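Just so it is clear, none of the values below were taken in a lab; they were calculated from the coordinates. Values in this document were obtained by computation on a predicted structure and should not be read as measured data. Backbone-built Cβ (ideal geometry, glycine too); neighbour counts: all protein chains shown.
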Amino acid sequence: MGKSYHTIAFYPEKCNGCGDCVKTCSQAKSGTNDPIHSRIQVAKAPEGTAYGLALCRQCGEPQCVMNCPAGALKKDEESGVVKCDETMCVNCQLCTLACDFAGITHNSKTNQQMKCDMCGGDPLCVKSCSTGALKLLKGADLFNAWGDYEDLFVPGLSACLGCNSELLSRHTLRRMGPETVVATPPGCIAGVGAVGYNGITGTKTPSFIPLLTNTASMLAGARRYYNRIGRDVTMLAIAGDGGTADVGFQSLSGAAERGEQMVYICVDNEGYMNTGVQRSSTTPYGSWTSTTPVGSVLRGKTRDAKPLPIIMMMHNCEYVATASTAFMEDYYRKLEKAIAASKRGMAYVHVFSPCPTGWRFPAAQLIEVGRKAVESNMVPLWEYEHQTGRLSFTHPVDNPVPVREYLMLIGKYRHLDENQIDHIQKAVDAGVRMLGQFAEKRDEAV
Amino acid sequence: MFQTKYLIVGSSHAGLSAMEAIRLCDQEGPVTMVSAEKAYPYSPTILPYVISGKVPKERISLRNQDYFDKIKVRFLNDSRVTGIHPADSSVTLESGKKITYEKLLIATGADPELAPIPGLKDCPHYKLRTIKDALEIRKAMNKLSSAIVLGGGLIGLHTAENMAKAGLQVTVVARRTLLRRYFDTQATGLIQKVFAENGVRVLTGSPITHVTSANGACAVSLENGLDLSAHILLVATGVRPRTSFLQGSSVKTDEGILVDERMRTEAENIWAAGDVAQAKSFFGPEQILNGILPDAVEQGRIAGMDMAGDPALKPYQGGIPMNTYTFFGNHSFSVGSSLPGDSEEGLEMDLIYSPAGLKYQKLVFREGRLIGAAGINTSFDPGIIRQMILRQVELGEMKATFAGSPLRSGRLLMTRLWR
C-alpha cells in the first residue's frame, strides 16, 4: 500500500473572508503582514458572497514536479509535502503553468515561486480559522494504519453496483485478521461470494454458511471448541437484519444471554434484499418493499422498526454499538472495542447499510445517504460498554437536519405524504430521546 | 538482445512522464528506457542556466539510478536507437544490439534545425540542445567577448541574456519578430526594449543574406545592408523532430510523427509523445508540432496510460501554445491563442498596455469564452488560465469582471468548477 497524507480542506460555504489565514501565513513565512507573502490566498467575489481558495493541494501526482526542468520540486515521501529547493529553482515559472489550482505562485516582491509547506504538519492557517472553513483532514492516518493489513476477501465479489457490504466486509476482515472464523448466514453477504464457489472459499479465513436460524449458536459451539484446545480464534458473524432480528433472533438472544464470545455484526439494509426486497422487522415505517407495497390503500410499511441495538443492550452484552460506513473512523474505533469485548463475551455491532438496489437510489449516493441518516438522527451513532455500564453518543448531532432531507434521497420513501413524514420525524425524535435517557441514567448510576 | 514489455526511447519530459504513468498502473511489467546521451535524464530547458553558471552540470539530473532501481526501470544510457522494426517488434541500437518490445514509445525529442542561410553550414557555430552543447558554449564564453545569436525564440533569447550578463557583447538577429508563437508586436516591443536597455542589440525583420567566417570570427550580412561580426555564433533558429531512425519503417510522419488522441502512431504497438510528435491542435483540425515542455509532460502521460491500459485515460484535448518567460527580472507568460489575425471575426479583446510601467495584459475571447491570454509583469495564474481555455469555461456576464481582475476571478472560478 502506498502512503496517504493529511490534507487541508476548504469549505467555501463556511468562509467569511476574514483573511486571518492569509495574515497568519504572511507572518509565519515572512514576518510581515504583507499578504503578498502568504502561501494561502482567498479570492472574494465582488458581491462578497463567494470565496475561492488558492492553496497547494500537495497532489499525489504533482504536475509542478513533472514540469520542473531543474528538478527543484519534489514530493517528500514522508510528509507528502511538495517541496521546492530554492537553490535549484531557476525561476522559469513553468510550475505556475502546470498547476491547475494556483497552488504554486510567483511572488513579485521576492521574485521567487512560493507554495504551502503545511508548516511541518501543523498548518497555522487552519488553527487561525475561526469559522471552520479550513480543516486539516487526518483520514490518511487510518488508511496508513489499516492499509497494511491483509485484505482477506477475494478480489472479485458479485455484489450489486455500489453495495455497502463490500466496503464493510473487507475493512472488517482486514482488522479481524486470519485467526478468525467467519459465519455468513443466507443473505447478501453470503450471496456476494464471501464463502466462495465450487469448494473454494471467498475469504482467506475459514468461513461457512450456517442456517438462517442458528448463526450465533454455531459460532458459540466453534468458540467453545477453540477454548477447549487453547486457541484464541475470533468468531465473527456478518449477518443481515433478517438473519439477526427475525429468523436468527432466538439463537442470538440465547447466545447473548449466555455471554458467548463473538463479534456479531448485523448488516442492516432494512429488509430481505437478497431474495427480492421483502420487509423485515427492521424495515422503517413507511418504506416501500415488495411485501409492503404502495397502492391506493397501502402506503408502505405500517409498523415501526424493531430497535434491535437497544434490545441487544438490554441483554447486557459486553459491547453494543451502532455504526455506519459513512463514518469509518467511528466504525474502526468500535471494531477495536468489539474485538476486545469478544474475549469476554458478546460484542454486537449494528451497521446501518443503505442498499442502492433495494432502496432505489443511485449507487454514487451511498455514502451521502449514510451521512444524512446520521445527521438527521435517523441512525444515531452510539455505543454501550457493559464494564462501565455507559451508553454514549459517539457522534452527537447538535442540530439535526429534518428527516425529510434524508428520506428525499431514497426511492423507497418517494410516495410518503406529510402525515407519514411527520410520523417518522416523531419516531426519530422519540428514539433519540429514549437513548438520551439511557445515557443520562447510566451516567447517574456510575 | 533482450526483451522488455515497455520500451521508452528518450529520457526527457515525455519519456519520464510516460514511465511514471505506466508504473502507476503496472508496477511489475518490465520497463526499459534508452537514452542516446551518457547523462541521466535532464531537461533541455535547463541548458541556458548551465551556460550562465546558475546550475552546475552536476545538478541537472531529473532522476538518478536509485530512482530507477526503486521503480524497477532499466535505464540504458549512451544507447542511440538507429532503427525500428515494427514487423518483429524490435529496435536496433547504435552498438548493433537489439531490443524487442511489446509496446514502444518514441520520445526522442527534436534536434536544432539549421536555417537555410547561405554559408551557415560551413561556418563554425554553436547550437544548444544537449548538455555537451551547453558546456561548449560556456567554455567559449569564458575566452571570447562577443556573440551573435540567430533566432528570436526562447532558447536564443535566454542564451543571449545569459551571455550579456556574463559580459559579452551580444546581438540577436531574428528573421521576423521575437517570440512570435507567444506574443504580438506590442508585447515583443516591450521585451525588445528591455533587451536594449540591458545592452543587447536586437535586430528583427531583416533576413540574413549570408554568413562567412574569417580569423576565428564570423560575419553575418543582413538584407538591409548591415554587416555584423562576433566571435561566437549561436544558431537557435528552431528545432526539427528527431525521426531519421524511422526511415523504412511503417511509422507515418509528416513534420513529426503523426499520432492520434491517445498518442498512438499508425504502426501497431508504437506510441510517440513530446517534441517528436505531431498531434492534434486544440484550436483547429490540423495536426501541429507543439514543442513545449508542459505538452511533452501531458502527451507522455497519455501515452503511458494508454500503453499500460489505464482505464482512467482521457484522450488528448489538443495542443495549445503556452509558455512562461522571464527576462532581466521581468516575468511574462502566454497561453492559448493570443495572436489572432485582425481579420478573424467574432473575437473580443481586452488590452492593458503601459510601456512606461512595463506592463502588458491581453485577453482574447470568442463567444463568451477565453481562448488566449498573455501578460508581462501582470498577476495571473497561468495554470488556471490554461484550464479555463481547455475547459472552455463559459464566462457570459462574468467577462467584464474577469477582465478587470483575472487573478481573483480565475481563482473563484477554479474553486467553483474544477473537479
ask   = How many lysine pairs are close in the stretch A:149-445, with Cα atoms under 29 Å apart and the two 8 or more places apart or on different chains?
value = 25
Distance in nm between pseudo-label sites at residue A:343 and residue B:58 (7 Å out along the Cβ direction from Cα) = 5.6 nm
task = Based solely on C-alpha atoms, express the radius of gyration and the Dmax of the stretch B:189-249 in angstrom.
result = 16.5, 52
ask   = Just how large is the dipole of the protein assembly as shown about the Cα centre, in debye to the nearest 20, putting +1 at every Lys and Arg Cβ and -1 at every Asp and Glu Cβ?
value = 940 debye
ask   = the stretch A:303-386: which trypsin sites (Lys or Arg not before Pro) are DSSP loop and have at most 15 other beta-carbon atoms within 10 angstrom?
value = A:303, A:343, A:344, A:360
ask   = Of the GluC sites (Glu not before Pro) in the stretch A:145-200, which ones lie in a loop per DSSP and count no more than 14 other C-beta atoms within 10 Å?
value = A:150, A:179
task = Just the ratio, please: alpha-carbon radius of gyration of the stretch A:7-142 over 2.2 N^0.38 Å, N its number of residues.
result = 1.03
key: Theoretical FRET efficiency, 1/(1+(r/R0)^6), r = Cβ-Cβ of residue A:433 and residue A:296, R0 56 Å, to 0.05   = 0.95
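Can you give the helix-only mean residue ellipticity at 222 nm for chain A, where every DSSP H stretch with n ≥ 4 adds -39500 (n - 2.57) and the sum goes over all residues, rounded to the nearest 500 deg cm²/dmol?
The helix-only estimate for chain A comes to -9000 deg cm²/dmol at 222 nm.
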ask   = What is the order of A:249, B:183, fewest Cβ neighbours within 10 Å to most?
value = A:249, B:183
D (Stokes-Einstein, µm²/s), Kirkwood Cα radius, the protein assembly as shown, 1.567 mPa s at 4 °C = 41 µm²/s
message = Under a crude label model (7 Å from the Cα following the beta-carbon direction), how far is residue A:363 from residue A:306 in nanometres?
response = 3.2 nm
ask   = Under a point spin-label approximation (7 Å from Cα along Cα-to-Cβ), what is the residue A:127-residue B:268 distance to one decimal in nm?
value = 6.3 nm
remark   = FRET efficiency (residue B:176, residue B:369; Cβ distance; R0 30 Å; to 0.05) is 0.55
ask   = Can you give the alpha-carbon Rg of the stretch A:242-372 over 2.2 N^0.38 Å, where N counts its residues?
value = 1.12
remark   = Going from the fewest other Cβ atoms within 10 Å to the most, one would list B:408, B:240, B:416 as B:416, B:240, B:408
ask   = In nm, what is the difference between 0.36 nm times the number of residues separating residue B:166 and residue B:139 and their Cα-Cα distance?
value = 8.5 nm
query = Given 4 °C and 1.567 mPa s, how large is the Stokes-Einstein diffusion coefficient of chain B in µm²/s, with Rh as the Kirkwood radius over Cα pairs?
reply = 56 µm²/s
remark   = For residue B:121, counting only lysines whose alpha-carbon sits under 24 Å away and dropping same-chain residues fewer than eight positions off, the answer is B:132, B:139, B:143
query = Label 7 Å along Cα→Cβ of residue B:72; the stretch B:17-45 residues with amide nitrogen under 20 Å?
reply = B:17-34
Aspartates and glutamates with Cα under 14 Å of residue B:165, excluding same-chain neighbours fewer than 8 positions away = B:197
Proxy reagent accessibility, fewest Cβ within 10 Å first, across A:244, B:204 = B:204, A:244
request  = Could you calculate the contour length gain from residue A:45 to residue A:142, that is, 0.36 nm times the residue separation minus the distance between their Cα atoms, to one decimal place in nm?
outcome  = 31.3 nm
task = Let me see the pair-distance distribution of the stretch A:128-228: every alpha carbon pair, 5 Å bin width, integer percents in order.
result = 2, 11, 18, 19, 17, 11, 7, 5, 3, 4, 2, 1
inquiry  = So for chain A, averaging the separation of alpha carbon pairs under 8 Å that are six or more residues apart and normalising by length, what relative contact order in percent results?
reply    = 10 percent
query = How long is the stretch A:149-445 along each principal axis, judged by its Cα atoms, biggest number first, in Å?
reply = 59, 52, 33
task = Would you please state the base-10 log of I(q)/I(0) at q = 0.19 1/Å for the stretch B:114-237, with intensities from the Debye formula using one equal scatterer on every alpha carbon?
result = -1.04
query = Could you give the radius of gyration (one decimal) and Dmax (whole number) of the Cα atoms in the stretch B:56-191, in Å?
reply = 20.0, 55
query = If the cut-off is a Cα-Cα distance under 28 Å, which lysines reach residue B:72, setting aside same-chain residues fewer than 8 apart in sequence?
reply = A:3, A:74, A:75, A:83, B:5, B:38, B:57, B:97, B:98, B:103, B:314
ask   = At a Förster radius of 45 Å, what calculated FRET efficiency corresponds to the Cβ-Cβ distance of residue A:111 and residue B:392, to the nearest 0.05?
value = 0.85
ask   = Quick one: what do you get for the stretch B:329-417 if you divide its Cα Rg by 2.2 N^0.38 Å?
value = 1.03
